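Below is one structure; the comments refer to it alone.
The values are calculated or read from the model by the stated rules, or taken from the named source; none is laboratory data. Keep in mind the model is a prediction, meaning the values are calculated, not measured. A quick note on method: Cβ atoms are made from the backbone with ideal geometry, for glycine too, and the neighbour counts reach across all protein chains shown. These accessible areas exclude ligands, DNA and RNA; they are computed on the full protein's heavy atoms, side chains included. Shrake-Rupley method; radii C 1.70, N 1.55, O 1.52, S 1.80 Å.
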Amino acid sequence: MELIHHLMLGFSVATHPVNIAYCLLGVTLGTFIGVLPGIGPLSGVAMLLPVTYVLPPTAAIIMLAGIFYGAQYGGSITSILVNIPGDASAAVTCIDGHAMAVRGRAGAALSMSKIASFAGGCFATLMIMLLGPVLTDVALQFGPAEYFSLMVVGLVTAVTLAHGSQLRGLAMVILGLMLGFVGTDVQTGTLRFTFGFEKLSDGVNLVALAIGLFGFSHIILNMEALVSRKIEMPKIIGILPTLADLKACVKPILRGMGVGSLLGVLPGGGAVLSSFTAYTVEKRLAADPSRFGHGAIEGVAAPEAANNAASQTSFIPLLTLGIPPNPVIALIGGALTIQGVIPGPEIISEQPHLFWGIVASMWIGNLMLLVLNLPLVGLWIRLLRVPRGILFPAIILFSCIGVYSVDNSAFDVGVAVFFGILGYAFLKFDCEPGPLLLGFVLGPMMEQNLRRAMLLSHGDPTVFLTQPISLALLLVAGGLVAVMVSSVLRNGHQQKLESEMSN
Amino acid sequence: MIRLSAILLALFALLPVGVHAADYPTKPVTIIVPYPPGGTADIFARYIAEGMNKAWKQDVIVQDHPGAGGNIASGQVAHAKADGYTLLLGTSGSNAVNPNLYKNMPYDAAKQMTVVATVASTANVLVVGPNSKAKSVKDLLAMARANPGKVTYASSGNGSVLHLSGVMLANKANVKMIHVPYKGTPPALLDVMAGRVDMMIANGPSVVGNVKAGKLKALAVTTAKRADALPNVPTMIQAGVPGYDLSSWFAIMGPSAIPKAVKEKINKTVNAILALDKTKKRFAAIGAAPLSMGVDQSGAFFQSELKKWGKLVQISGAKVD
């Protein structure tokens, strides 16, 4: 009963014309911020933060939240169409989304990504309403030891991201981990691999790295094709997903929602980690994993459901504990603070209209996004017909603006160019950047939590085995390694047999 | 000859600054913030910028240039033209701690930078988890004495103001505790709430809500006076740590060479903003109090803060190279 009462309060706030207007503004801006490569939710929210100072608190947060989850809808569009992620969390959608587009199924991929995002968003909203406090407790259960073990699972699955050689995938993960070393050692303050660049003392900028590896590198590759006139316009077969597509995606979407909702609540989790995790889960569970990387629609649906769910559940720790789990939420928390509302456990009891208004607006916002985005699919597809000579310079321009605006730093634009050239070399050697990005995201968290766990246990390494959650995660990781090794051995054995037979 | 005329030209270029100081500002002023938008420093910068804009009828632009613990922004301002058009919203952490912490600073803090006008100070709060056995600072220190090197304290980073606040506690009470650095306050507070870390000295605004909701216990505030937001929480001195008085501060800073008349004008404007009734209310909402000083007093305050935090950095042994 109480819930219905709260919901009615929430919807009465969220359906107020002013709040509807700001919700629409937020999700529309979010979609465009998502579409523009390089300009992700972080820079989008940062740029628009000062605008919210003059708004009432509820409208301000509704708009900023709309930008955040709206960007998850928009981010996949360029991933699918031109293989360049609109923001880092859509990088994994490039793998199968673009493969689908190459086969003329861009429309189906785009529509499915919107449907999956919508499902993920609705589910996450439901989770916030019903399980907010429970999920808060889950976040509290995760200490350094549990994080470390979670990261171990993440790293083991990272290898499966590669759809070619697993050895190359492993090499890319390790390279990503090594790039994660760059910056200041949190424990001792020692600078590592900064080569005298002050700007590197906070590590390599994630947005610059992602744009360079996934964006600039593909533009260089495409220009090569342009010069040799090898580029072909993919034919477009149908805009809507088929019934078989929808059927194939039900379970992946459900799993993606679950993964995303859970990872969104954890500090450092967020949209990037959840979309990659959802993808690897699907690839692991698939009857025929070899389809992944060649246009498997599950590889689009699951991560899109996950990143949108994660972006919304990451509001839970902010609204129930005042603790932002990722930088975008930290900015939104800052916006609340500026409004004189200190995020924390008192919000639900003292400002119920604010809390329930935001939650209800998420539902409305997701609906708006679906209605806004599905008809636009046909329009986005026309992006493919824009001459490359116009499209690519425009993408490069927006990417540079996006990378610059994260920290107002020109150095980061240089970093993106560096990784663009490096990424081009990787593509030439058939090395996929996905595992590298995941290694780069996981590495620093893993290292910090390992050292923190050891500090807290006073140097006792058994802490990873005596904590139940940590132990369970390590067992999962061990099981995954065993499966991988046995399949590699079996394949090797088989090949040997075959070669002996042919002799 | 060319060189001589160049010198003369340079001298002439310098002269008008002093002459026209009364007209300051004749063009937009930029305040650079050393941290990301939405943080406390950004909030103060935008509030002061709004007031300056009204007083001067001139645009005052706020730019956030985070990075290297604030050294990127500070270095940028230290090397900017000393005409009062490029200012910094400096903090105790980025401008008093860093010069003592970093081996390679991009500028000479004591000589090149100064505080033009102080803006606000915030109290930090010693918190423990809701299930902690410690009911007071005395309990906590007794635990630390009984188990030397076992009691842990979290901070937002190695060499941060919060880390040094812990160092000061251990030093004044003569106990040994283990420092557990995090990347920022949020993940650190989670581990304190869950009881995995024994205590943390955290920024007031980040814990007040959780203290009221019973998710954290506040044992003391770090300032010599009690905090308005937590009137029932004793000060460190009252809780039995004599001589403990530390607060984080925020100030409008700039190159030392800004002409005196320009400094005076900025200082007067800031102090007029601080004197407004709504300022006190706005600041109190985020756990801060206005901190008002004249130009000379502000400059002396900065020099003494540099020394004070320098001593703590030395005791802590923290360094960043």
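Overview of values
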{"item": "Accessible area of A:Leu319 in the full protein assembly, 1.4 Å probe (Å², nearest 10)", "result": "10 Å²"}
{"item": "Surface accessible to a 1.4 Å probe, B:Lys212 within the full protein complex, Å²", "result": "120 Å²"}
{"item": "Point-to-point label distance, A:Arg490-A:Arg103, nm (Cα→Cβ direction, 7 Å offset)", "result": "2.5 nm"}
{"item": "Length released on extending from A:Arg385 to A:His5, taking residue separation times 0.36 nm less the Cα-Cα span", "result": "131.7 nm"}
{"item": "At R0 = 51 Å, FRET efficiency that the Cβ-Cβ distance of A:Ile239 and A:Leu475 yields, to 0.05", "result": "0.70"}
{"item": "Cross-link pairs B:Lys281/B:Lys319; A:Lys247/B:Lys183; B:Lys81/B:Lys319; A:Lys283/B:Lys215 - those with Cα-Cα distance over 32 Å", "result": "B:Lys281/B:Lys319; A:Lys247/B:Lys183; A:Lys283/B:Lys215"}
{"item": "Segment B:123-221 - Kirkwood radius from inverse mean 1/r over Cα pairs (Å)", "result": "12.9 Å"}
{"item": "A/B buried area, accessible surface, summed, 1.4 Å probe, Å²", "result": "3500 Å²"}
{"item": "Largest-first ordering by accessible area, 1.4 Å probe, given options A:Glu2, B:Glu264", "result": "A:Glu2, B:Glu264"}
{"item": "Per residue accessible area in Å² of segment B:54-211, where ligands, DNA and RNA are left out and the probe is 1.4 Å", "result": "33 Å²"}
{"item": "Spin-label zone in segment B:245-281 - amide nitrogen under 17 Å from a point set 7 Å from the Cα of B:Gln303 along the C-beta vector", "result": "B:254-258, B:260"}
{"item": "Solvent exposure, largest accessible area first (probe 1.4 Å, DNA, RNA and ligands not counted), of A:Cys431, A:Cys249", "result": "A:Cys431, A:Cys249"}
{"item": "log₁₀ of I(q)/I(0) at q = 0.05 Å⁻¹ - the protein assembly as shown, Debye sum with one point per alpha carbon", "result": "-0.27"}
{"item": "Residue-wise HN-Hα coupling along segment A:64-80, computed from phi with Karplus coefficients 6.51, -1.76, 1.60 (Hz; x: Gly, Pro)", "result": "5, 5, x, 4, 5, 7, x, 5, 5, 6, x, x, 7, 4, 6, 4, 6"}
{"item": "Neighbour cut-off at most 15 other Cβ (10 Å), DSSP loop, chymotrypsin sites (Phe, Trp or Tyr not before Pro), segment A:329-416", "result": "none"}
{"item": "A:His16 accessible area, assembled protein chains, probe 1.4 Å, Å²", "result": "90 Å²"}
{"item": "Under 5 Å, built H, 5+ apart or other chain: amide partners of B:Val197", "result": "B:Val192"}
{"item": "Computed lengthening from A:Thr188 to A:Val51, 0.36 nm per intervening residue step minus Cα-Cα distance", "result": "45.4 nm"}
{"item": "Span-like helix ranges in chain B, DSSP H, alpha carbon extent 20 angstrom or more, Kyte mean at least 1.0", "result": "B:2-19"}
{"item": "Rounded to whole Hz, the Karplus (6.51, -1.76, 1.60) HN-Hα couplings of segment A:138-144, x for glycine and proline", "result": "4, 4, 6, 6, 8, x, x"}
{"item": "Partners for B:Lys172 among aspartates and glutamates (Cα-Cα distance below 17 Å; same-chain residues under 8 apart left out)", "result": "B:Asp139, B:Asp245"}
{"item": "Solvent exposure ordering (accessible area, 1.4 Å, most first) of A:Glu146, B:Glu50, A:Glu346", "result": "B:Glu50, A:Glu346, A:Glu146"}
{"item": "For chain A, accessible area per residue (1.4 Å probe, heavy atoms of protein chains only), Å²", "result": "39 Å²"}
{"item": "Residue list for segment A:297-329, given a label point 7 angstrom along the Cα-to-Cβ vector of A:Val250 and an amide N cut-off under 20 Å", "result": "A:297-306"}
{"item": "5 angstrom amide H check on B:Val116, placed H, neighbours 5+ away", "result": "B:Ile252, B:Met253, B:Gly254"}
{"item": "Carbon and sulfur %, accessible surface of the protein assembly as shown computed with the full protein complex present, 1.4 Å", "result": "66 percent"}
